[in-house]
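What follows is a single structure, written as structure tokens, with notes after it.
Bear in mind these aren't lab numbers, they're just calculated from the coordinates by the rules spelled out. This is a predicted model, so every value here is computed, not measured. Using ideal geometry, Cβ is built from the backbone for each residue, glycine included, and neighbour counts are taken over all protein chains shown.
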Amino acid sequence: MAQQQNSSRMILMITIVIAIVLIVVIWPLSMLGKASVKTGSTDEAEARIQPVARLELAKAPAAKSDGKPRDGATVYNSVCMACHASGAAGAPKAGDKAAWAPRIATGTAVLINSVTNGKGAMPPKGGGADLTAAEIKAAVEHLVGLAK
Ligand code: HEC
């Protein structure tokens with residue numbers, strides 16, 4: 001009897017170890033595969049707007065982190081374009097003057113605040129969790145510039 005309990009405990013432990021290995025090793029590896037989809041492709045845009053991809057998007061570094069602030073175009077291309085190039089999720093399309101005019105009229109400070117805290121379907125910082133305030137401002141100015 002005691003012997004039997006021991007072996008079923010063994011099996012349970014082995015199952016738990018396998019489950020942990022699966023979660024700790026295989027799951028992040030599969031995430032890596034997804035993260036390496038080519039930047040700028042429509043595949044990536046589609047992948048990013050899926051709600052499941054939201055978490056990944058938030059974790060994805062916007063660009064190389066060499067300590068230098070990224071300029072507006074770089075931030076836009078790596079983070080904001082996923083929605084603003086296509087108008088995904090109801091995002092005002094980059095360069096669409098009619099869509100941007102009423103938003104630009106509220107003032108840059110309001111727009112920066114919307115991006116920083118998130119608005120509607122746009123996650124805080126547009127999903128670029130590592131963006132600095134200066135980078136957000138530059139990206140907003142870049143988007144505003146495209147719509148002028
Ligand atoms: C997940 C999709 C998505 C991403 C990524 C995204 N946006 Fe947006 N953005 C939206 C949507 C949707 C709206 C419209 C929100 C609303 O008005 O309800 C919006 C609105 C805005 C507005 C107007 C805010 C206002 O107050 O009217 C600005 C400015 C903006 N985005 C800038 C950015 C910048 C800069 C980035 C990158 C750092 C970014 N967005 C990334 C979806 C996105």
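Of note:
- Each residue of the range 113-130 was assigned a 3J(HN,Hα) from its phi angle through the Karplus expression (A = 6.51, B = -1.76, C = 1.60, θ = phi - 60°), giving 4, 4, 5, 4, 9, x, 8, x, 7, 8, x, x, 6, x, x, x, 4, 8 Hz with x at Gly and Pro.
- Residue order, fewest to most beta carbons within 10 Å, for Ser86, Ser7, Ser78: Ser7, Ser86, Ser78
- Ala73 versus Val24: modelled label distance in nm, points set 7 Å from Cα along the beta carbon direction: 4.5
- Legend: calculated FRET efficiency, Lys119 to Ile14, from the Cβ-Cβ distance at R0 = 41 Å, rounded to 0.05, equals 0.25.
- In this structure the amide hydrogen of Asp130, modeled in the peptide plane, comes within under 5 Å of the amide hydrogens of Ala62, none closer than 5 places in sequence on its chain.
- Per-pair calculated FRET efficiency, R0 = 25 Å: Lys148 and Ser86 via Cβ, rounded to 0.05: 0.75
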